[in-house]
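Worksheet: one structure, shown below.
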Amino acid sequence: MYVITTKLQKYILPLEQRLPIKQNNRAGSHLIYGVQKSGTTVIANALSYCAKKSLTSDHIGIWPIADIKAEERSQFIKSLVERHPLTLSRTFIKEPSMTLAPELFSAYYPNASILVIRNPLDTIRSILDRLNIHPSSSTLDEKAVHPGWKHVFKLGSQDPPFIQLADYWVRCMSNPHWDSKSVFKVYYNEFLAHPDDVVSDALSYLDLKMKRSSKMILSTQFQSKGANRNAPLESITNAKTLSLADEMTRPVYEHLKQGR
């Protein structure tokens with residue numbers, strides 16, 4: 001079993017929680033970070049497939065971290081790794097919610113990790129597509145947002161959803177932890193242009209070997225295509241909103257690109 005998906009976790013996680021607490025075997029684990037809809041799923045699957053190594057994708061148990069107070073997150077993570085010795089000890093563990101607190105996860109997973117980076121404006125548009133919110137929306141219908149996604153917005157804010165997501169992206173991606181030498185940055189657009197080269201470089205950084213091409217993975221549609229995927233952002237987003245979002249995210253995005 002190479003990939004433990006969320007569907008499989010519904011059966012595996014309850015069984016894990018019934019086991020006696022024991023040391024999680026994390027010696028060979030590498031975390032894959034990145035904001036939701038930035039390409040983490042396809043890249044995580046490509047790394048796992050090409051290296052012929054195991055992957056846990058989108059770990060349900062980590063999702064509540066967004067609603068936990070900062071000072072309580074370390075204990076929450078400690079409890080997680082104790083209670084999930086199988087799903088949280090795979091070679092690759094991909095869960096976007098970890099991007100909120102990488103410095104805490106690294107204390108339990110000291111091996112080199114991967115940070116997936118996509119143009120923030122494209123990432124925001126993709127999240128909105130996923131939630132069926134038009135990029136030009138001026139207000140957010142909080143009741144219509146799935147509970148698992150509410151944490152990416154500033155609930156109660158009068159800002160347009162696009163701006164709220166720009167703020168979330170900055171909060172995730174401005175963390176000093178991303179400047180660590182233990183973090184290998186993978187750029188989504190570069191991956192699309194040269195997938196095998198990017199995967200090979202990432203695996204080499206993790207001291208893993210590339211054993212086959214990513215061609216099969218690239219032909220797999222992991223998630224549905226967004227309705228506005230091919231539309232120029234300028235044509236579907238308020239100009240003032242788009243300019244403000246760019247102003248908010250560009251310094252962080254440029255900093256990440258400089259630290260390659």
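The values are calculated or read from the model by the stated rules, or taken from the named source; none is laboratory data. Bear in mind that the values here come from a model prediction, so they are computed numbers and not experimental data. Every residue, glycine among them, receives a Cβ derived from its backbone with ideal geometry; neighbour counts consider all protein chains shown.
Return yes when S213 is in a loop (DSSP other than H, G, I, E, B), of a type in the set (S, T, Y) and at pLDDT 90 or above and no when it is not.
Yes: the conditions hold for S213.
Residues checked against (1) out of contact with any Cys (no Cβ under 6 Å at 6 or more places or on another chain); (2) assigned to a helix (DSSP H, G or I); (3) under 23 Å from L233 (Cα atoms):
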{"position": "N132", "(1), (2), (3)": "yes, no, yes"}
{"position": "S138", "(1), (2), (3)": "yes, no, yes"}
{"position": "H151", "(1), (2), (3)": "yes, yes, no"}
{"position": "Y168", "(1), (2), (3)": "yes, yes, yes"}
{"position": "H177", "(1), (2), (3)": "yes, yes, no"}
{"position": "F191", "(1), (2), (3)": "yes, yes, yes"}
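In the list V199, V152, V183, which residue meets the criterion of being touching a helix residue (DSSP H, G or I) at 6+ places or on another chain (Cβ under 8 Å), buried (at least 21 other Cβ atoms within 10 Å of the Cβ) and closer than 21 Å to A44 by Cα?
Criteria check complete, one pass: V199.
Across the range 56-98, which residue is surrounded by the most Cβ atoms within 10 Å (Cβ to Cβ) among those that are of a type in the set (V, I, T) and within 21 Å of T41 (Cβ to Cβ)?
Ranking the qualifying residues of the range 56-98, first place goes to T56.
Tell me yes or no: at least one residue of the range 103-110 is more than 23 Å from H194 (Cα to Cα), without any contact (Cβ under 8 Å) to a residue 40 or more places away in the chain and surrounded by fewer than 23 Cβ atoms within 10 Å (Cβ to Cβ).
Scanning the range 103-110, I find at least one residue that is more than 23 Å from H194 (Cα to Cα), without any contact (Cβ under 8 Å) to a residue 40 or more places away in the chain and surrounded by fewer than 23 Cβ atoms within 10 Å (Cβ to Cβ), so the answer is yes.
Taking the range 175-191, which residues are touching a residue at least 24 places away in the same chain (Cβ under 8 Å) and closer than 20 Å to G39 by Cβ?
Scanning the range 175-191 gives N175, H177, W178, V183, F184, K185, V186, Y187, Y188, N189, F191.
Please specify each residue of the range 190-216 satisfying the condition of being among the acidic types (D, E) and closer than 27 Å to A27 by Cβ.
D201, D207
Does S74 meet the test of being small (G, A, S), in contact with a Leu (Cβ under 8 Å, 6 or more places away or on another chain) and farther than 22 Å from S214 by Cα?
Yes: the conditions hold for S74.
Sort through P161, P120 and tell me the only one that's at pLDDT 95 or above, farther than 24 Å from L192 by Cβ, touching a Phe, Trp or Tyr at 6+ places or on another chain (Cβ under 8 Å) and surrounded by 15 or more Cβ atoms within 10 Å (Cβ to Cβ).
P161
Mind checking which residues of the range 219-256 are at pLDDT below 90, crowded, with 16+ Cβ neighbours inside 10 Å and not in a loop (DSSP other than H, G, I, E, B)?
Selection gives L233 alone.
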